[in-house]
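Following: one structure in structure tokens, then a few remarks.
What follows is calculated from the coordinates using simple rules that are stated; it is not laboratory data. Quick caveat, the model's predicted, so the values are computed rather than measured. Please note: Cβ atoms are built from the backbone with ideal geometry, for glycine as well, and neighbour counts cover all protein chains shown.
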Amino acid sequence: MRIGELAKATGTTARALRHYEQAGLISSERALNGYRIYDERAVVRVRNIRYLLAAGLTLDDVQAFLPCLDGDVAAAPPSDKGLRVALERLAVLNERIAAQTEARDRLEAALRHKTGGRIRSVA
């Protein structure tokens, strides 16, 4: 299947697919006209990549899951390496959330101080 067909089948974009390919997560053959041609199995692989990305992993993190991207990643028991990568990513996300929460709290306190305790939402 061509890149547009794969994008449509997986709910992603051709640009994202080229990015996944550049990262070594998917591969294609080239037709005589230069178009990328993907195997039907690429649909499962791309859906698994998107599942892992939606869970908060990065493309680099997804590399750890290469051996199981062609199966049911959501149902498969995690490998030691996959579990380690996921736990490391969770720690990074928790650190970012804590930093953002702290920044929000400082800003909120400053606004309360400057407005005499009145804060209205702008949204």
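Hey, among the residues in the stretch 9-33 that are under 11 Å from residue 46 (Cα atoms) and in a helix (DSSP H, G or I), which one's farthest from the chain's Cα centre (by Cα)?
Once the filter is applied, the top-ranked residue is 9.
Does at least one position in the stretch 91-105 carry a residue that is surrounded by 11 or more Cβ atoms within 10 Å (Cβ to Cβ) and among the acidic types (Asp, Glu)?
Among the residues of the stretch 91-105, not one is surrounded by 11 or more Cβ atoms within 10 Å (Cβ to Cβ) and among the acidic types (Asp, Glu), which makes the answer no.
Filter the stretch 44-70 for residues that are free of Cβ contacts under 8 Å to residues at least 24 places away in the same chain, among the hydrophobic types (A, V, I, L, M, F, W, C) and either surrounded by 15 or more Cβ atoms within 10 Å (Cβ to Cβ) or touching a helix residue (DSSP H, G or I) at 6+ places or on another chain (Cβ under 7 Å) (or both) and give the result.
Those that are free of Cβ contacts under 8 Å to residues at least 24 places away in the same chain, among the hydrophobic types (A, V, I, L, M, F, W, C) and either surrounded by 15 or more Cβ atoms within 10 Å (Cβ to Cβ) or touching a helix residue (DSSP H, G or I) at 6+ places or on another chain (Cβ under 7 Å) (or both): 52, 53, 64, 65, 68.
From the list 114, 81, pick out the single residue that is of a type outside the set (Val, Ile, Thr), touching a helix residue (DSSP H, G or I) at 6+ places or on another chain (Cβ under 6 Å), part of a helix (DSSP H, G or I) and farther than 30 Å from residue 4 by Cβ.
Numbers: 114 fails: touching a helix residue (DSSP H, G or I) at 6+ places or on another chain (Cβ under 6 Å).
The match here is 81.
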